[in-house]
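**Q** The structure is given below, and queries will be raised subsequently.
The values are calculated or read from the model by the stated rules, or taken from the named source; none is laboratory data. Because the structure is predicted, anything quoted here is derived from the model rather than measured. When we count neighbours, we look across all protein chains shown, and the Cβ atoms used for this are built from the backbone with ideal geometry, even at glycine. The accessibility values were calculated without ligands, DNA or RNA, using every heavy atom of the protein model including side chains. Shrake-Rupley method; radii C 1.70, N 1.55, O 1.52, S 1.80 Å.
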Amino acid sequence: MYLHDSFMTNHKFPKIGLALSGGGAKGFAHVSVISNLEKLGIPIHCVAGTSMGSLIGGWYAAGKDFEILLDLAREGHWKKFLHVSELINSIRFGGGLFSLDSFKKFLEKELGDLKIEDLEKKYCAVATSLKNGKRVVLKEGKLGEAILASGCLPVIFSPIKIKDDLLVDGGVVDNFPVESCFEMGADFVIGVDVRYAPGYLHEEIKDDSSPSRWKIFRVLQYLMEVVNSQVEKKEGTNLVIIKPYISHISTFDFQKANEILKLGTEAFNGKEDELREKLGLPEREKGILETIFD
């Protein structure tokens, strides 16, 4: 059941922030959660994203069509952003195995010179400074550059220069940017956590169905996520965490976008009652079977 316009007009919502974790292809679950929040009519005040979360969050804050990203995933076009021919030059001059030039061109085509300050919603992307190893919160400047920096896996991709700093993936220091939402003025945060659960890496590494050249990406992504997961965010009166059952999905399983979307919706459905209660919304109408077995 979605909320009636009359209720929405009169109900006083807190300033709600949306925190989107990193996680590669698993981040498409963010799209499902956002879609369900919109259907429910929950207004989002600000969005904070790390890595893939910065891409999905930036796309959302800019009012862009998610189908553009989903089509890239479903058709396997994400691979075009990684050119083996770049290896020698990137290693010699860029500080990483690959440059992000192809992805940068894609973002320039889709986002142009759009600035974070001009987005429909307050937004920030989290990156890591190579100058001091600390978290960098990007909340002004070109949206495309912020997304690039936030998702720039160290060693794999050449660092992104912004102003006088070299930036890499925000997942190194903060892969689930809940605090960034509170810092932007949110009173209540909905966090979507698609990071690995510890223990799943060995399943991916022994999987012979995927090319071995991609396994270095998975090891690095996994290490960042596991290190960050040691500092767990705990739910409270002002925080709801939606965590899809998604650790069996690889960081680079972009072709499984439809399955990931479904898992995101399932996770949202599992937290909807709690979300309604904490936001003071009417109870969800239960189905016949739920009513019988309640």
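**Q** For the range 114-130, how many residues meet the condition of being modelled with pLDDT under 95 and either open to solvent by 100 Å² or more (accessible area, probe 1.4 Å) or closer than 17 Å to ALA186 by Cα (or both)? So that I can check it myself, show each step before the final result.
**A** Let us first name the residues in the range 114-130 that are modelled with pLDDT under 95, namely 120, 130.
So of that shortlist, the ones also either open to solvent by 100 Å² or more (accessible area, probe 1.4 Å) or closer than 17 Å to ALA186 by Cα (or both) come out as 120.
Within the range 114-130, residues that are modelled with pLDDT under 95 and either open to solvent by 100 Å² or more (accessible area, probe 1.4 Å) or closer than 17 Å to ALA186 by Cα (or both) number 1.
**Q** Let me ask something additional. Count, please, the residues in the range 81-94 that happen to be surrounded by fewer than 17 Cβ atoms within 10 Å (Cβ to Cβ) and either at pLDDT 70 or above or in a loop (DSSP other than H, G, I, E, B) (or both).
**A** 1
**Q** Here is a follow-up. Given the criteria modelled with pLDDT of 95 or more, aliphatic (A, V, I, L, M) and touching a helix residue (DSSP H, G or I) at 6+ places or on another chain (Cβ under 6 Å), does ILE44 qualify?
**A** So ILE44 does not fit the description; no.
**Q** Still on this structure, I have one more. So LEU220 fits all but one of (1) among the hydrophobic types (A, V, I, L, M, F, W, C); (2) under 19 Å from the mean Cα position of the chain (by Cα); (3) at pLDDT 85 or above; what number is the exception?
**A** Only one criterion is unmet by LEU220, namely (3).
**Q** For the range 252-259, check the following and say yes or no: at least one residue is of a type outside the set (Asp, Glu), open to solvent by less than 80 Å² (accessible area, probe 1.4 Å) and at pLDDT 90 or above. Working first, answer last.
**A** Of all residues in the range 252-259, those of a type outside the set (Asp, Glu) come to 252, 254-258.
Still in the running and open to solvent by less than 80 Å² (accessible area, probe 1.4 Å): 252, 254, 256-257.
Now restrict to residues that are at pLDDT 90 or above: 256-257.
Looking for residues that are of a type outside the set (Asp, Glu), open to solvent by less than 80 Å² (accessible area, probe 1.4 Å) and at pLDDT 90 or above, one finds at least one in the range 252-259, hence yes.
**Q** Please enumerate the residues belonging to the range 117-162 that are in a loop (DSSP other than H, G, I, E, B), aliphatic (A, V, I, L, M) and either more than 16 Å from the chain's Cα centre (by Cα) or over 21 Å from PHE106 (Cα atoms) (or both). I'd like the intermediate steps shown before the answer.
**A** From the range 117-162, those in a loop (DSSP other than H, G, I, E, B) are 119-121, 130-134, 139-141, 151-156, 158-159; that's our starting set.
Imposing the further condition that a residue be aliphatic (A, V, I, L, M) reduces the set to 119, 130, 153, 155-156.
The answer is LEU119, LEU130, VAL155, ILE156.
**Q** Being open to solvent by less than 50 Å² (accessible area, probe 1.4 Å), among the charged types (D, E, K, R) and modelled with pLDDT of 95 or more narrows it down to one of GLU225, GLU272, so name that one.
**A** Numbers: GLU225 fails: modelled with pLDDT of 95 or more.
Answer to the check: GLU272.
**Q** Is there a residue being open to solvent by 10 Å² or more (accessible area, probe 1.4 Å), modelled with pLDDT of 95 or more, on the phi < 0 side of the Ramachandran plot and of a type outside the set (A, V, I, L, M, F, W, C) anywhere in the range 189-209?
**A** no
**Q** Of all residues in the range 135-156, how many are farther than 18 Å from GLY17 by Cα and either modelled with pLDDT under 95 or touching a Pro at 6+ places or on another chain (Cβ under 9 Å) (or both)?
**A** If we filter the range 135-156 for residues that are farther than 18 Å from GLY17 by Cα, which is where we start, we get 135-136, 141-156.
Within this subset, residues satisfying the condition of being either modelled with pLDDT under 95 or touching a Pro at 6+ places or on another chain (Cβ under 9 Å) (or both) are 135, 149, 151-156.
The total comes to 8.
**Q** Could you give every pair whose Cβ atoms fall below 8 Å, whose first residue belongs to the range 263-285 and is within 10 Å of ILE242 (Cα to Cα), and whose second residue is of a type in the set (D, E, K, R), counting only separations of at least 6 or pairs across chains?
**A** Listed by first residue and then by second, the contacts come to ALA267/LYS243; GLU272/ARG284.
**Q** A further question on this structure: Within the range 24-80, can you find the residues that are over 16 Å from LEU148 (Cα atoms) and in a loop (DSSP other than H, G, I, E, B)?
**A** GLY41, ILE42, PRO43, ILE44, HIS45, GLY63, LYS64, ASP65, PHE66, GLU75, GLY76
**Q** When only residues in the range 157-171 that are out of contact with any Pro (no Cβ under 7 Å at 6 or more places or on another chain) and over 23 Å from LYS64 (Cβ atoms) count, which is most open to solvent (accessible area, probe 1.4 Å)?
**A** Top of the filtered list is LYS163.
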